[in-house]
Every structure is written in C-alpha cells, then in structure tokens.
Amino acid sequence: MIRVILSLVLFVSFAVYASNDSFLSIDPDIPNEAEIFFPNDDDTFPEKSDFKIISYIAMSSDDGERQALVTLENLSVGTRLFKNEQILGLFADGRRRTPLEKNMRFDGREVASVILSFGVSRFPLLNVYTAR
C-alpha cells in the first residue's frame, strides 16, 4: 500500500499540470504541533459521510492553483458515493472551501486516492478534512 501511495506521489509531482500548464509541486508539511484555530464565522462544514481521510498531500503551482492528493477510506460495508461537499480545505486566511466538482464510487471498506482541485488562492492549503 505504501509503495502505491509513494508511486502516486512521484507520478503526481512529475506529471500533473495545473489548468494553465504550470507544474504543481508538493507543498511542505505543516508541523504536527502547529495548532490552528480560525473562527468559522460562516458555519461552513463538510456534509456528514462514511469517508475518513487516511492522508493527504497538498500541492500548488506558481500561479496559485491548489490541489490535494487525498487517500480516502469508505468506512461503510456498503457502496458509497463520494461527493465534493463531503470534504473541506482550510486555507491560511481562514477560509474553508469545498473542492471543485468530484464524484467517485467506493465499494464497501475501499481505500482509494483521488486528486481534488480547490481552485486558485494566494493562500496555501493548510488542512483537508471530513465531518468524521
């Protein structure tokens, strides 16, 4: 499993292009001890779902394109549809944003990686999370 994820990361870092043909690069990790508490004035929350984020890797381009390679697990024994409203990205200015349109079918207990685009922002993507 680790080999698959590492292979995906290498592939993404060398082969993925943003919509304007600029390369994406992997953003540096945020230290685990960093605690970030932005107020959620707009009461923006992801829809509840049976999905858990196993890991994510934030990526960006020089033009501000923000994407994330997210590994999701369907915690249900039944088939579920992952929708973009079930996940949020937290940006360094405190804004929360759903990724652009993405639907993906997961079998029961399936784990899969997907690239999600969060559009363009001058602020980096700090966290990606579900309602779990």
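Scan (1) within 19 Å of R132 (Cβ to Cβ); (2) at pLDDT below 95; (3) touching a Phe, Trp or Tyr at 6+ places or on another chain (Cβ under 8 Å) for the single condition F106 breaks and write down its number.
Going through the list (1) within 19 Å of R132 (Cβ to Cβ); (2) at pLDDT below 95; (3) touching a Phe, Trp or Tyr at 6+ places or on another chain (Cβ under 8 Å), F106 breaks only (2).
With the checklist (1) under 27 Å from N32 (Cβ atoms); (2) in contact with a Pro (Cβ under 8 Å, 6 or more places away or on another chain) in hand, flag the one item E73 doesn't pass.
(2)
Starting from residues that are surrounded by 14 or more Cβ atoms within 10 Å (Cβ to Cβ) and at pLDDT 55 or above, keep the ones in the stretch 1-24 and report whichever is nearest to E85 (Cα to Cα).
Residue satisfying both the conditions and the ranking: L24.
One residue is enough: does the stretch 90-98 have a residue meeting the conditions in contact with a Ser or Thr (Cβ under 7 Å, 6 or more places away or on another chain) and either in a helix (DSSP H, G or I) or not basic (K, R) (or both)?
Yes, the stretch 90-98 has at least one match.
Out of V77, V114, V70, which single residue is of a type in the set (V, I, T), modelled with pLDDT of 95 or more and assigned to a loop (DSSP other than H, G, I, E, B)?
None of the others qualify; the one that does is V77.
Consider D43 against the criteria (1) among the acidic types (D, E); (2) under 18 Å from the mean Cα position of the chain (by Cα); (3) at positive phi: it satisfies all of them except one. Which criterion is unmet?
It is condition (2) that D43 fails.
The values are calculated or read from the model by the stated rules, or taken from the named source; none is laboratory data. Here the structure is a predicted model, which means the values were calculated and not measured. Cβ atoms come from the backbone with ideal geometry, glycine included; neighbour counts cover every protein chain shown.
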